[in-house]
Amino acid sequence: MKSMKRMEIPYLDFSGIHDPIRAELDAAWKRVMDREWFIGGAEDAAFEKEFAAWCGVRECVGAGNGLDALRLILTAMGIGPGDEVLVPANTFIASALAVTYAGARPVLVDPDRETALITPEEAEKHITEKTRAIMVVHLYGRVAEMEGFAELARKYGLRLIEDAAQAHGAVRHGKRPGAFGDAAGFSFYPGKNLGALGDAGAVVTDDPELAARVRMLGNYGSARKYVHELPGVNSRLDELQAAVLRAKLPHLEAWVAERRRIAEIYEDGLRGGKLRLLTKDEGNGYYTFPVFTPERDRLLAYLEEKGIHCQIYYPTPIHLQKAYAELGYRRGDFPAAEELSETGLSLPLYPGLTEEQIEYILEAIREFAF
C-alpha cells in the first residue's frame, strides 16, 4: 500500500449510473410533471409491460416496495393463518416479514455455506402438513437451484415464490428470476441493480388471475373506483418512480455486465488468499460481492482506515432477532446462516468503479489477508 496514494472509495456511488443518463432521467421527470398524473398512469402501465418482457413473463404489477410485493403475492395466493412458508434463515428480514404480515408462519431453512442459498434437499426436511409455499431468495444476485425447487413444489403441491429483490439482471440456464416460480417479488430500492429514486417494487408472474388479484389487493382491494371486493392495502408504484425505472431499464444489461467484469477481477485477485469466497456463478447479477473471514470485524476496520468503505449484510440472522423470538429458535439452530452473518463483508461493486480503485482495494486486502 505504500506505493499507492490513499483513496476514499464509497461502498456505493450512483454517479457512474446516473450521470451518463441524466438527460433521460430529466426527460422522465418532465413527462410526469407535464401530464400531472401521479398514480396509475401511462408510465406505470408502460414500465409494467417492459419489465414483464424483460423477465420473460406475461404479467407485472407495480407495488410500493419489495416487502409489499411479497406480501401481496402470499395474500393473493390465499396463504394466511395456520399456514407455513419456508424462508431462508440468512435472508433480509423482509422475506420473513412478508409471511408474518400475510398471517402465516415463516419456517427457516439453513443455507448452503458455499453458495449462501438454500437447497431443495435442505428445504424438504422442513416441509410439514402445514407448509403451503416455499419462498426462495436469490441472495447477492445468485439464482437458486430453481429446477429442483420446482420439482419439490410439484411433489408436495406447494406454491413457489421467488424473492428476487437482489437478482435484477441475473440469469440461470437462459431464464431470468421471476420466470421460474408461480410469482416473484422485486424491490427497486435505490441501491439495487435496477433502482428507483425511492421505495418501489413489483410482482411478476405468468398467471393473469394472480396478477389481477395482486393488483386489486394493492389498490385498496378495488378493481373499480369505490367498489372494494377485498380488504386490500395501499401499495402502488407511483408514476415518478415508474418513469425513472423506464429510463434505467434499457441500461440494466450493460450495468450488470460491468458488475460481472469487476467481480471477475475480484475473483482472480482474491482466490488463494485467506478470505473465503462463494462458489463461482456465471449467471450472477452481482448485487454484492461478499467475502468471508473469521477476522471480519478487524478487516472492516482495516479497510475503513484505508478509506475503503464496505458493508456488512445481515449481521444478525432472522432467528436471533427479537422480532422473531416467538418462533422459538436458538443460537446454533442454523449454523451456516450464523457463520455467514458473523464472517461476511461486501466490497464496493458498482458501475463507475475505476481500475485504479479496484487495484487499491485488492492491494489493501492482499496486505491484510495474504
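For segment 1-52, residues that are in a loop (DSSP other than H, G, I, E, B) and either under 25 Å from PRO351 (Cβ atoms) or of a type in the set (Val, Ile, Thr) (or both) total 10.
When only residues in segment 343-359 that are open to solvent by less than 40 Å² (accessible area, probe 1.4 Å) and out of contact with any strand residue (DSSP E or B) (no Cβ under 6 Å at 6 or more places or on another chain) count, which is farthest from LEU300 (Cα to Cα)? Going through the qualifying residues, I end up with PRO351. Taken over segment 239-268, residues that are more than 22 Å from LYS49 (Cα to Cα) and either at pLDDT below 95 or open to solvent by 40 Å² or more (accessible area, probe 1.4 Å) (or both) amount to 7.
Scan segment 293-307 for residues that are surrounded by 16 or more Cβ atoms within 10 Å (Cβ to Cβ) and out of contact with any helix residue (DSSP H, G or I) (no Cβ under 9 Å at 6 or more places or on another chain) and the total you get is 1.
Please go through segment 160-189 and give me each residue that is touching a Gly at 6+ places or on another chain (Cβ under 8 Å) and assigned to a strand (DSSP E or B), ordered by number. Passing the criteria: LEU160, ILE161, GLU162, ASP163, ARG172, LYS175, ALA184, GLY185, PHE186, SER187.
Which one is surrounded by the fewest Cβ atoms within 10 Å (Cβ to Cβ), of the residues in segment 1-18 that are more than 19 Å from GLY198 (Cβ to Cβ) and among the charged types (D, E, K, R)? The residue in question is LYS2.
Would you pick out the residues in segment 141-158 that are more than 18 Å from ALA202 (Cβ to Cβ) and either open to solvent by less than 50 Å² (accessible area, probe 1.4 Å) or basic (Lys, Arg) (or both)? It would help to see each step written out before you state the result.
Residues of segment 141-158 more than 18 Å from ALA202 (Cβ to Cβ): 142, 144-158.
Selection gives ARG142, ALA144, MET146, GLY148, PHE149, ALA150, LEU152, ALA153, ARG154, LYS155, LEU158.
Residues being among the basic types (Lys, Arg), touching a residue at least 40 places away in the same chain (Cβ under 8 Å) and either more than 25 Å from ALA364 (Cα to Cα) or buried (at least 17 other Cβ atoms within 10 Å of the Cβ) (or both) are entirely absent from segment 308-324. Among the residues of segment 194-202, some residue qualifies, meaning at least one is crowded, with 20+ Cβ neighbours inside 10 Å and touching a Cys at 6+ places or on another chain (Cβ under 7 Å).
Would you confirm whether or not segment 274-284 contains a residue that is among the basic types (Lys, Arg), within 21 Å of the chain's Cα centre (by Cα) and modelled with pLDDT under 95? Step through it out loud before you land on a result.
Kept after step one, since they are among the basic types (Lys, Arg), are these residues of segment 274-284: 274, 276, 280.
Then drop every residue that is not within 21 Å of the chain's Cα centre (by Cα), which leaves 280.
After this cut, where a residue has to be modelled with pLDDT under 95 as well, the list is 280.
Yes: segment 274-284 contains one or more residues that are among the basic types (Lys, Arg), within 21 Å of the chain's Cα centre (by Cα) and modelled with pLDDT under 95.
Contact annotation: residue pairs with Cβ atoms under 8 Å, 6 or more positions apart or on different chains, pairing a residue in segment 117-133 that is farther than 18 Å from GLU162 by Cβ and part of a loop (DSSP other than H, G, I, E, B) with a partner that is among the charged types (D, E, K, R) and open to solvent by 60 Å² or more (accessible area, probe 1.4 Å), are LYS130/ARG105. The set of residues in segment 237-274 being within 15 Å of ILE361 (Cβ to Cβ) and in a helix (DSSP H, G or I) consists of ARG259, ARG261, ILE262, ALA263, GLU264, ILE265, TYR266, GLU267, ASP268, GLY269, LEU270. In segment 84-108, what count of residues is obtained for those that are open to solvent by less than 30 Å² (accessible area, probe 1.4 Å), in contact (Cβ under 8 Å) with a residue 40 or more places away in the chain and in contact with a Leu (Cβ under 9 Å, 6 or more places away or on another chain)? Qualifying residue count for the region: 13. Here is a check on your reading of the model: is PRO290 open to solvent by 60 Å² or more (accessible area, probe 1.4 Å), under 30 Å from SER95 (Cα atoms), at pLDDT 95 or above and not in a helix (DSSP H, G or I)? Considered against the rule, which asks whether it is open to solvent by 60 Å² or more (accessible area, probe 1.4 Å), under 30 Å from SER95 (Cα atoms), at pLDDT 95 or above and not in a helix (DSSP H, G or I), PRO290 comes out as no. Which of the residues belonging to segment 56-67 are more than 17 Å from ARG105 (Cα to Cα) and open to solvent by 30 Å² or more (accessible area, probe 1.4 Å)? Listed by number, the residues that qualify are GLY56, ARG58, GLU59, ASN65. Scanning segment 327-342 for residues that are assigned to a loop (DSSP other than H, G, I, E, B) and crowded, with 19+ Cβ neighbours inside 10 Å yields a single hit, PHE334.
The values are calculated or read from the model by the stated rules, or taken from the named source; none is laboratory data. If you're wondering where the values come from, they're calculated on a predicted model, not measured in any experiment. Because the Cβ atoms are built from the backbone with ideal geometry, glycine has one as well, and the counts that use them run over all protein chains shown. The area values use the complete protein model at the heavy-atom level, side chains included, leaving out ligands, DNA and RNA. Shrake-Rupley method; radii C 1.70, N 1.55, O 1.52, S 1.80 Å.
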